[in-house]
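Some notes on the structure that comes next.
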Amino acid sequence: MVLVSLFIHGQLYSQVELTIDTLIVEYLIVPFDENVWDEAAKDGPYLFIEYSLVNSTDTIITINMQKTSIAFSFVYEERKYRFDLTNGSHWEPHNIVQIEPGKKVNCCAGAHLFLGTPIYREKKRDYTKEFKSIFPTLNFKFVYRDICLETSKIENIRYVKK
C-alpha cells in the first residue's frame, strides 16, 4: 500500500492509496507437448493483477477508467523494462467510477510478462528462474490525469498451473 499526497484540479488530495491485492502468475512453466500446444501459453508467462484504489480523503474522486494507465516495470540483468497492462473490461458500460470518501474500488488488469523482451524465447518452457530474478524489482504504476500512484508491495501472490 502506498500513501501519497497530490494535487488534482487545484485541490490537495492526501492518502490516495494503490494496493496490489493479488498478483496472479499464469504459465510460469509453459505446457508444451509435440501434439498439443496451448494457444494462450504460446506468449509465455502472464501477469494478472487485482488492485484497489482507496480514497482516504473527504472528497469524491471521479475516474474515467478508459483514460487510465496501469503499467508494471522490472529490472533484469541491469536493464529496466516497462509494460502497459490492459485494464479489465468489466467497466463497460460504466467507465466513470466515483470513489466515495473512505471507500475503495476494485480493479483488474493483465499482460504478458516477458513478451517483447530478450527474456522471452519461443517454445521456452520454464521461466521460474527469470521470474525469481525480477520479482524483487517488480513495480506497478497507476496514472489518471494528475493522479500518479506507484507501489511494489503485493498483498498476495498466486501461481496458476495450466
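Give the residues of the range 59-99 that are part of a loop (DSSP other than H, G, I, E, B) and either modelled with pLDDT under 85 or crowded, with 16+ Cβ neighbours inside 10 Å (or both), sorted by residue number.
T68, G88, E92, P93, H94, N95
Any residue at all in the range 153-161 that's over 23 Å from I29 (Cα atoms) and either in contact with a strand residue (DSSP E or B) (Cβ under 9 Å, 6 or more places away or on another chain) or modelled with pLDDT under 90 (or both)? Yes, the range 153-161 contains a residue that is over 23 Å from I29 (Cα atoms) and either in contact with a strand residue (DSSP E or B) (Cβ under 9 Å, 6 or more places away or on another chain) or modelled with pLDDT under 90 (or both). The single residue among K123, K129, K141 that is touching a strand residue (DSSP E or B) at 6+ places or on another chain (Cβ under 8 Å), surrounded by fewer than 11 Cβ atoms within 10 Å (Cβ to Cβ) and either in a loop (DSSP other than H, G, I, E, B) or not hydrophobic (A, V, I, L, M, F, W, C) (or both) turns out to be K123. Considering the conditions (1) part of a loop (DSSP other than H, G, I, E, B); (2) modelled with pLDDT of 90 or more; (3) not basic (K, R), A111 is excluded by exactly one of them, (1).
The values are calculated or read from the model by the stated rules, or taken from the named source; none is laboratory data. Because the structure is a prediction, the values reported are computed rather than measured. Here Cβ is always computed from backbone atoms with ideal geometry, including for glycine, and neighbour counts include all displayed protein chains.
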